[in-house]
Amino acid sequence: MPAEPDKKGERTSIKKLFEDALQAEKKGDLRAALEKYKMALQIDQQFFDAWLNAGAIYTRQGRSEKAIVCYQRALVSKNDIRAHYNLAVEYYKREDFSAAEKELRSVLKLDSRYLSAHLLLGYLFGKTGRNDKAEISIRNALKLDAQNTQAQTALALLYFHTDRHELALRQIKILLAKSPEDKTLLGLEAKISLAGNDLSQASVGFRKLAARDPELKAFYKVLQDGVAQEKKQTIRTKRTKIEKQAKKTAKEMLDLSLLQFFDGDPQQAFTTLERLTAALEAKKKKTH
């Protein structure tokens, strides 16, 4: 008769491999850690934590497909919030929003107080144009932690993208009181002022941002992200046309500033806005 397998010896071996993997991770040796997790899984394919940790390493390495396989396999071993949430994050990054939403709902079914799931669901709804649902999810996150900076920022962005600029500015000021150096918030504040034609306040915002980011990268990125590739040539043509005009109206100067931002020239856009602000201030003094 074949000898009975040494279950105690296997458990000891798996435990040692897992501990070695954790130590390798702490030292930053992800390759060695991954090998240890794989060795442990060869002994016990139901080892949930090994699947989960291996998936996390693949996520850190940007190997999304392998990470997804690990998280899915982890769920075969145990229906666990962490695996569902990690899967949702991977699907979200790949813009598979339907699959991400399914995993997030599984998370919230297991734990309705999982703040990160509410927040990611809010971003997902925003990405797919379901702004009402996005706001509900963000507010659910804030009910769990009213001071959560990520949730507060998400709400400010939602207000901005749904043209509720006054509410967005109120939310941004709350956040800036906690993080006065936040470039993204400063850029968003300046952009809202610009959208509301408050050029003086926009100029103040640009100055603040420029002091922290001379190339205005943060603000420029907000604008650039909304430009489709096929529109870039049209923007360049319009910019050149206005720049060649000897005299420009206030509206044309404002348009030019925005076109310069979209065209990848944030420093020139800032200069144009400064000139426009100075001209309007001078005109205001003359009328008084």
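The values are calculated or read from the model by the stated rules, or taken from the named source; none is laboratory data. None of the values given here were measured: they were computed from a predicted structure. Cβ sites come from the backbone with ideal geometry, for glycine too, and all protein chains shown count toward neighbours.
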With criteria (1) modelled with pLDDT of 95 or more; (2) outside the structural domain of L87 (by TED's automatic domain parsing); (3) of a type outside the set (S, T, N, Q), Y58 comes up short on (2)
Could you tell me whether the range 177-198 includes any residue that is assigned to a helix (DSSP H, G or I), closer than 24 Å to N140 by Cα, modelled with pLDDT of 85 or more and out of contact with any Gly (no Cβ under 9 Å at 6 or more places or on another chain)?
yes
Which residue out of Y92, Y85, Y123 is in contact (Cβ under 8 Å) with a residue 24 or more places away in the chain, assigned by TED's automatic domain parsing to the domain that holds L142 and not β-branched (V, I, T)?
Y123
Looking at (1) within 30 Å of A50 (Cβ to Cβ); (2) among the charged types (D, E, K, R); (3) not assigned by TED's automatic domain parsing to the domain that holds A50, which is the only condition R130 fails?
(1)
Of the conditions (1) at pLDDT below 95; (2) assigned by TED's automatic domain parsing to the domain that holds Q72, E101 satisfies every one except a single condition; which number is it?
(1)
Among the listed residues Y123, Y85, Y91, which satisfies the condition of being aromatic (F, W, Y), assigned to a helix (DSSP H, G or I) and over 15 Å from the mean Cα position of the chain (by Cα)?
Y85
Answer yes or no: is there a residue in the range 83-103 that is of a type in the set (V, I, T) and within 30 Å of A134 (Cβ to Cβ).
yes
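For every residue, the table says whether it meets (1) out of contact with any helix residue (DSSP H, G or I) (no Cβ under 8 Å at 6 or more places or on another chain); (2) surrounded by fewer than 20 Cβ atoms within 10 Å (Cβ to Cβ).
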site	(1), (2)
E25	no, yes
M39	no, yes
Q42	yes, yes
N53	no, no
K78	no, yes
N86	no, no
L104	no, no
E181, sole failed condition from (1) more than 17 Å from the chain's Cα centre (by Cα); (2) surrounded by fewer than 20 Cβ atoms within 10 Å (Cβ to Cβ); (3) under 19 Å from G126 (Cα atoms)
(3)
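State the number of residues belonging to the range 27-37 that are part of a helix (DSSP H, G or I) and surrounded by 13 or more Cβ atoms within 10 Å (Cβ to Cβ). Explain how you work it out, then say what you get.
First, pick out the residues of the range 27-37 that are part of a helix (DSSP H, G or I): 30-37.
Those left that are additionally surrounded by 13 or more Cβ atoms within 10 Å (Cβ to Cβ): 30, 32-37.
Residues flagged as part of a helix (DSSP H, G or I) and surrounded by 13 or more Cβ atoms within 10 Å (Cβ to Cβ) within the range 27-37 amount to 7.
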Any pair with Cβ under 8 angstrom, 6 or more apart, that starts in the range 138-158 at a residue that is free of Cβ contacts under 8 Å to residues at least 24 places away in the same chain and surrounded by 16 or more Cβ atoms within 10 Å (Cβ to Cβ) and ends at one that is in a helix (DSSP H, G or I) and of a type in the set (K, R):
L155/R139
Restricting attention to the range 55-76, the residues that are exposed (fewer than 15 other Cβ atoms within 10 Å of the Cβ) and among the β-branched types (V, I, T) number exactly 1
